[in-house]
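K.L.:
For reference, the structure I am asking about is given below.
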Amino acid sequence: MKKILAVTACPTGIAHTYMSAEALKKAAAEKDIELKVETRGAVGVENALTEEDIAEAHAIIIAADTDVDEGRFRGKPVVKTSVGEAIKNPGKLLDEAVNKKPAARDYVAEVERTKAERSAQRTGAYKHLMNGVSYMIPLVAAGGLIIAISFIFGIEAFKEKGTLAAALMDIGGGSAFALMVPVLAGFIAFSIAEKPGLAPGLVGGMLASKIGAGFLGGIIAGFLAGYIAQWLKQTIKLPRNLEGLKPVLIIPFFATLATGLLMIYVIGGPVKAVMDGLTKWLSGLSGTNAVLLGLLLGAMMAFDMGGPVNKAAYTFAVGLLGSEVYGPMAAVMAAGMTPPLGLWLATVLAPKKYTQEEKEAGKAAAVLGISFITEGAIPFAAADPFRVIPAIMAGSAVTGALSMLFGATLRAPHGGIFVLPIPHAVGNLAMYTVAIVVGTVVTAILVNLLKRTMEK
């Protein structure tokens, strides 16, 4: 039996929303069609369609005279109509939905759904950390590229006061990068304690930045501020008419004071020493040590393709940008591009090993790969994990190792090939490109070799 889903919504959200839903349900019962209807009325969304419902559905009927979130139905056949038509001719709409041909596999939609599912599954400390990182990344990306543009006028041109290069450096380095750690800490705390955690988190992050504790200090400050604010929310009890003071005055005051004092007198100094040591070690990396770090970061990027291990490597590299350590970021982005790029190349090199659908999916993977969306490899890996995952890990490890060996650097934490043409955004661009190409080829060859062996 084909499962049909429906969404009904009218501008007022009162009568027609529910009349159309009832008409569709009655017609479905008469035709023995499995139907689930989501109503978007004045009281809100009722009987909401889940990701599982959408995945199982044959087609979706959207009977609406107002905006409905259609993006979640990407890759599914959709019948669009008005609530009036659903009330008058529900049977006709159901027949049309049942007779719809299944949509061709939408590879990009699969990747987007997987990313959304992973995001929804994040819990605990990992969820809070990723919340902070997601708000920090646009600042680092914009700041890094603006700094790189300032170098067009000369590596030290920004030292000349009043010049455009100096203005660009003030925007990128003096402002965007200066906000990086406070925003990281602030939104970690916000994720834990909501609005009352934001102020103490921002202040804790600013102190971490001033002290020199870097992104590691910012992470600690964010969690500290968040959990202190959350504890105060649960502990402080006030008369009902004074409850409004808690989120805007009492909790921010005490949480900010406690976080600030702990950062200055207890946490800041030791964390600064750790960050200074890490920065010095990374800045002096060369030869075998650089290759080993690149191997590790590269393999981590491909291991779970956007999962916790991938995000740990990415966060580590992004955080180091504030300490002017740019090599790991280059290795991480290159290694994140090669899994989907390698899978695309595998379908090109050995087309007889893949179905037409897989070859079309390979083209989509190539676009995701050049955009540094590692999750583009997930559908291939999910379908054949024992062949695909070892191959993409090996290719990414090679890419990361070569990037570090060549001394490539990257000032922007995202963008894929689209940041490569920007002057000074990438250090040692030619060899960095070689590292990406080599990793892509290694991935493709290993995938096809493993596939052939398994088939035999």
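K.L.:
Note down the accessible area of ARG387, probe 1.4 Å, to the nearest 10 Å².
P.N.:
Using a 1.4 Å probe on the heavy atoms, I get roughly 40 Å².
K.L.:
Same structure, new question: Any idea of the accessible area per residue across the chain, 1.4 Å probe, to the nearest Å²?
P.N.:
Spelled out: the 1.4 Å probe surface of the chain, per residue, equals 46 Å².
K.L.:
What accessible surface, in Å², does a 1.4 Å probe find on ILE422, ignoring ligands, DNA and RNA and rounding to the nearest 10?
P.N.:
Approximately 50 Å² for this residue.
K.L.:
With an 8 Å Cα cut-off and a minimum separation of 6 or more residues, compute the relative contact order for the range 160-264 in percent.
P.N.:
28 percent
K.L.:
Here's something else I'd like to know. Quick check: the angle from helix 107-121's long axis to the longest principal axis of the chain, C-alpha only, nearest 10 degrees?
P.N.:
With rounding to tens, the tilt is 70 degrees.
K.L.:
May I have the pair-distance distribution P(r) for the chain, computed from all Cα-Cα distances with 10 Å bins from 0 and rounded to whole percent?
P.N.:
Whole-percent P(r) values from 0 Å outward: 4, 17, 21, 21, 19, 13, 4, 0.
K.L.:
Restricting to bridges with both residues inside the chain, how much of the DSSP beta-bridge set is antiparallel, in percent to the nearest 5?
P.N.:
25 percent
K.L.:
For the range 336-401, which whole-number percentage of the solvent-accessible area (1.4 Å probe, protein heavy atoms only) is attributable to carbon and sulfur atoms?
P.N.:
Using a 1.4 Å probe with all protein chains present, the range 336-401 comes out at 70 percent carbon and sulfur.
K.L.:
Expressed in whole Å with the largest first, what are the equivalent ellipsoid semi-axes of the range 144-244 derived from the C-alpha gyration tensor as the square root of 5 times each eigenvalue?
P.N.:
Working from the Cα gyration tensor, I get semi-axes of 38, 13, 9 Å.
K.L.:
Between helix 356-370 and the chain, what is the angle of the helix's C-alpha long axis to the longest principal axis, kept within 0 to 90° and rounded to the nearest 10?
P.N.:
40 degrees
K.L.:
Then there's this: Using only the heavy atoms of the protein chains and a 1.4 Å probe, how would TRP344, TRP281, TRP231 rank by accessible area, largest first?
P.N.:
TRP231, TRP281, TRP344
K.L.:
If you build the Cα gyration tensor of the range 263-372 and take the root of 5 times each eigenvalue, what three semi-axes come out, in whole angstrom, biggest first?
P.N.:
Values for the range 263-372, descending: 37, 14, 10 Å.
K.L.:
I'd like to know which of GLY260, VAL291, LEU449 lies farthest towards the positive end of the charge dipole of the chain, counting +1 on Cβ of Lys and Arg and -1 on Cβ of Asp and Glu.
P.N.:
Checked the options; the winner is VAL291.
K.L.:
Work out how much length ARG240 to GLU160 would gain on full extension: take 0.36 nm times their residue separation and subtract the Cα-Cα distance, in nm to one decimal.
P.N.:
Full extension from ARG240 to GLU160 adds 23.0 nm.
K.L.:
Separate question: Do the sum for the chain: with -39,500 (n - 2.57) for every DSSP H run of n ≥ 4, divided by all residues, what is the mean residue ellipticity at 222 nm, to the nearest 500 deg cm²/dmol?
P.N.:
So the calculated ellipticity at 222 nm is -21000 deg cm²/dmol.
K.L.:
Using a 1.4 Å probe and counting only protein heavy atoms, arrange TYR227, TYR354 so the residue with the most accessible area comes first.
P.N.:
I get TYR227, TYR354, largest accessible area first.
K.L.:
To continue, here is another question. Can you give the accessible area of LYS159, probe radius 1.4 Å, in Å² rounded to 10?
P.N.:
In the full protein context, LYS159 sits at about 130 Å².
K.L.:
Oh, and also: Report, in whole Å, the centroid distance computed from the Cα atoms of the range 250-300 and the range 364-410.
P.N.:
That distance is 27 Å.
K.L.:
Pairs LYS127/LYS246; LYS2/LYS311; LYS25/LYS359; LYS26/LYS76; LYS76/LYS363: which are spaced more than 29 Å apart, C-alpha to C-alpha?
P.N.:
Too far apart for the 29 Å limit: LYS2/LYS311; LYS25/LYS359.
K.L.:
Counting only protein heavy atoms and a 1.4 Å probe, tell me what percentage of the range 166-228's accessible area is made up of carbon and sulfur.
P.N.:
Solvent-exposed carbon and sulfur of the range 166-228 make up 74 percent of the total.
The values are calculated or read from the model by the stated rules, or taken from the named source; none is laboratory data. Keep in mind it's a predicted model, so treat the numbers as computed, not measured. Every residue, glycine among them, receives a Cβ derived from its backbone with ideal geometry; neighbour counts consider all protein chains shown. Ligands, DNA and RNA are excluded from the accessible area calculation, which covers all protein heavy atoms including side chains. Shrake-Rupley method; radii C 1.70, N 1.55, O 1.52, S 1.80 Å.
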